[in-house]
Amino acid sequence: MNFPHIQHIIARDISWLAFNERVLQEALDDTNNPIIERLRFLGIYSSNMDEFFRVRYASMKRLAQLTDDKLDRLGGKRPAEVLKQISDKVQLLQARSQEINDRLMAELSEHDIEIVNEKELTSGQRDYVRNFFIEKVSPTVFTLMLGQSPELPELRDKSIYLAIRMFVKQNPDEARYALIEVPTEQVGRFVSLPRYGKQYVMYLEDVIRYNLEYILFIFNLHRIEAHTVKITRDAELDLDDDVSKSFLEKMTKSVKNRRSGDPVRFVFDKTIHEETLSYLIDEMEMDSYDSLIAGGRYHNKKDLIKFPNLGNEDLEFEKLPQLAHPELDMDRSILEVLDKQDILLFLPFHNFSYIIRTLREAALDPHVRSIDITLYRMASDSRVISALVNAAKNGKEVTAVIELKARFDEANNIQWTEVLQSEGVNVIFGVQGLKIHSKVILITKEEDGEEKLYASVGTGNFNESTSKLYTDYHLLTADRRITKDVARVFDFLRNNYKNKRYRHLLVSPHDTRKGFIKLIDKEIENAKKGIPSGIRIKLNSLSDVKLIDKLYEASSYGVPIKLVVRGICSLVPGKAGLSENIEAISILDRFLEHSRLMIFENGGDPKFYLGSADWMPRNLDYRVEVTTPVYEDKIKRQLRDHFDIIWKDNVKSRWHNEELNNDYRQIRGPKIRSQYALHDYVKKQLKRGK
């Protein structure tokens with residue numbers, strides 16, 4: 001069945017902006033989010049927007065320069081139209097984020113935390129700020145005098161600068177220009193002043209503003225102006241074609257060169273002088289496709305993610321301790337447990353240390369022959385890496401498939417590659433033209449002449465840091481149906497020229513989309529026969545037109561569909577004649593919803609799947625992704641309960657709709673905040689297990 005999807009597809013970038021607006025809503029939620037957490041949500045919003053411009057806006061800009069055709073995936077719009085729609089929406093969000101910032105800063109004062117600028121200091125604070133600048137800031141400050149070289153010096157993406165316009169007494173009518181990079185990486189963005197009744201805090205750029213005359217003392221200044229500016233560059237990597245270089249060498253060079261990417265956004269203090277603004281825009285050679293955004297006094301609000309709690313504990317979220325798994329005691333072998341049953345880890349409610357323990361046990365077990373693992377993003381102090389090195393030192397054959405093109409983690413992954421290679425770990429970089437985004441481990445054990453396979457298939461990275469912030473699943477299993485297919489995945493990663501057939505797993509780019517279409521077709525067939533049917537899906541993003549059309553088709557035959565999509569949702573739910581049987585919500589809360597779960601009713605015998613792939617073209621066609629069925633009934637019941645709890649959320653859930661208005665979902669009855677309810681659920685499991 002064909003659907004006129006052109007007018008029923010929301011362009012992914014427009015839907016993404018609606019998602020980031022939901023993040024901004026969290027900064028306003030004073031009922032459920034303490035003040036410091038709301039500041040951090042504002043920081044997350046800003047960080048998201050930076051990445052959006054580096055990646056998505058830059059891609060749309062390139063597309064607009066290449067074609068003027070209307071495209072299905074853009075909802076039947078031309079790229080230039082979408083670019084204009086993006087720019088208009090960003091301007092509105094910028095103004096709103098500034099209003100929220102001002103409101104939060106005022107509210108901080110109610111908690112005896114006061115933000116002060118260079119003009120509001122007492123005499124004692126002025127002495128402190130001058131000494132702090134001389135001792136901590138001055139050695140890290142570099143001033144770029146403009147006009148002294150033919151080209152504008154290369155400005156760093158992610159940094160903020162003070163744009164200086166100054167006049168000297170000898171020639172008070174001629175403006176001179178300079179840029180001062182604010183050294184937030186070396187010093188930190190927020191400077192705490194000595195407490196005096198209240199706790200006073202300054203932005204680092206205001207510390208520099210106060211000391212401008214000290215920095216520019218060689219000039220006989222008549223007057224001086226300083227306004228913050230920020231540039232965002234295209235983050236696309238440019239890999240050269242030199243066949244004499246290894247992929248690692250090419251990636252290392254490309255990451256170093258990224259800072260010189262074309263500018264796509266320029267944010268400036270709206271009070272900056274027009275001459276200063278025009279001078280900088282001309283020097284940077286920005287064009288009509290670039291986004292110029294008039295902002296407030298402070299940029300890089302992403303630094304608010306690290307805003308210090310200088311008050312009471314109740315200014316942050318209450319602690320939700322990570323819980324033990326009832327089947328995994330500290331003195332029990334995890335591999336022996338897996339010989340008898342599958343284990344579902346549900347992060348961050350369970351502790352990620354079970355993954356570390358599994359790898360460490362494998363490193364020590366004399367019967368373990370090899371360990372294979374895929375690595376996409378790793379913690380800066382990775383215990384996963386330590387466990388792999390330990391295994392290699394103990395004579396195990398360890399293979400790590402590292403994705404060097406994990407966006408913005410390339411430098412970190414290059415560093416870990418060098419560490420692993422130096423310790424005897426076999427590092428491979430996967431498949432030409434595909435990103436390795438799957439989250440899988442395979443442990444091969446040989447005991448009494450029998451080969452045993454153990455696997456972990458998950459939705460999230462093997463990363464201790466994000467495991468405390470993201471909701472994710474890891475299925476640990478010794479089920480031969482799954483482990484044999486995982487072994488085939490690693491065979492494919494080693495020998496890309498051999499196509500593999502998977503009997504149970506859905507693996508991108510081979511058969512993930514086809515597999516899900518087949519499962520949806522089964523629900524359509526059951527609905528036609530009057531047999532129980534239904535689809536429940538939890539994803540980060542949904543933008544694949546073919547799968548969206550198939551869901552529309554299922555809806556037209558009466559299949560009830562429930563979607564929990566945190567971010568991009570290009571599908572339009574609840575539309576008469578198209579999707580009246582589809583409901584779609586988004587959950588945003590203290591943890592980032594990252595787990596992916598698919599449940600198909602299957603005539604009363606539901607099929608459950610979890611894995612690393614979102615329903616987006618990139619995950620289905622251009623990445624190696626692994627989605628696994630769940631076979632153990634006990635885990636199926638847990639996953640069903642998890643989805644039901646999430647669906648009942650009436651505190652942090654919003655509707656997806658054609659208007660993209662992010663309306664909160666109103667459900668009568670007691671308040672259910674799903675992430676807290678899920679923590680309680682996992683806690684009860686632990687008590688029952690004991």
Some residue of the range 390-405 being more than 24 Å from Thr483 (Cβ to Cβ) and modelled with pLDDT under 95: yes
The listed residue being closer than 24 Å to Ile293 by Cβ and modelled with pLDDT of 95 or more, out of Arg78, Arg40: Arg40
Flag for Asp549 being in contact (Cβ under 8 Å) with a residue 60 or more places away in the chain, under 30 Å from Phe19 (Cα atoms) and surrounded by fewer than 24 Cβ atoms within 10 Å (Cβ to Cβ): yes
Asp127 being closer than 23 Å to Phe217 by Cβ and acidic (Asp, Glu): yes
Every residue from the range 494-537 that is β-branched (Val, Ile, Thr) and in a loop (DSSP other than H, G, I, E, B): Ile531
Within the range 555-575, tally of residues that are over 19 Å from Arg665 (Cα atoms) and either surrounded by fewer than 24 Cβ atoms within 10 Å (Cβ to Cβ) or of a type in the set (Val, Ile, Thr) (or both): 4
Number of positions in the range 150-165 that are closer than 23 Å to Glu274 by Cβ and either modelled with pLDDT under 80 or not in a strand (DSSP E or B) (or both): 4
Inter-residue pairs, beta-carbon under 9 Å, first touching a residue at least 24 places away in the same chain (Cβ under 8 Å) and in the range 302-321, second part of a loop (DSSP other than H, G, I, E, B) and polar (S, T, N, Q), 6+ apart: Leu315/Asn309; Glu316/Asn309; Phe317/Asn33
Restricting the range 43-72 to residues that are touching a strand residue (DSSP E or B) at 6+ places or on another chain (Cβ under 7 Å) and not hydrophobic (A, V, I, L, M, F, W, C), the residue that is modelled with the highest pLDDT: Asp50
Some residue of the range 452-464 being at negative phi, aromatic (Phe, Trp, Tyr) and buried (at least 23 other Cβ atoms within 10 Å of the Cβ): yes
Matching residues in the range 82-105 - criterion: being buried (at least 17 other Cβ atoms within 10 Å of the Cβ) and over 11 Å from Leu17 (Cα atoms): Val82, Leu83, Gln94, Ser97, Gln98, Ile100, Asn101, Leu104
Unique residue being in the same structural domain as Leu442 (by TED's automatic domain parsing) and part of a loop (DSSP other than H, G, I, E, B) when the list is Phe462, Phe490: Phe462
Sole residue being among the basic types (Lys, Arg) and touching a residue at least 24 places away in the same chain (Cβ under 8 Å), chosen from Arg494, Arg501: Arg494
Identity of the residue in the range 29-49, of a type in the set (D, E, K, R) and part of a loop (DSSP other than H, G, I, E, B), that ends up surrounded by the fewest Cβ atoms within 10 Å (Cβ to Cβ): Asp30
Identity of the residue in the range 370-411, of a type outside the set (Gly, Ala, Ser) and surrounded by fewer than 16 Cβ atoms within 10 Å (Cβ to Cβ), that ends up nearest to Tyr454 (Cα to Cα): Glu397
Scan of the range 465-480 for residues that are assigned to a strand (DSSP E or B) and among the hydroxyl-bearing types (Ser, Thr, Tyr), ordered by number: Tyr470, Thr471, Tyr473, Thr477
Any pair with Cβ under 6 angstrom, 6 or more apart, that starts in the range 617-631 at a residue that is farther than 16 Å from Phe492 by Cβ and assigned by TED's automatic domain parsing to the domain that holds Phe600 and ends at one that is buried (at least 17 other Cβ atoms within 10 Å of the Cβ) and aliphatic (A, V, I, L, M): Asn619/Ala613
Top-ranked residue in the range 206-248 [being farther than 16 Å from Lys119 by Cα and among the acidic types (Asp, Glu); ranked as modelled with the highest pLDDT]: Asp234
Candidate set: the range 504-520, residues that are more than 17 Å from Ile482 (Cβ to Cβ) and touching a Lys or Arg at 6+ places or on another chain (Cβ under 6 Å); chosen: the one surrounded by the most Cβ atoms within 10 Å (Cβ to Cβ): Ile520
Residues of the range 397-450 classified as part of a loop (DSSP other than H, G, I, E, B) and over 18 Å from Leu493 (Cβ atoms), total: 7
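The values are calculated or read from the model by the stated rules, or taken from the named source; none is laboratory data. Quick caveat, the model's predicted, so the values are computed rather than measured. Using ideal geometry, Cβ is built from the backbone for each residue, glycine included, and neighbour counts are taken over all protein chains shown.
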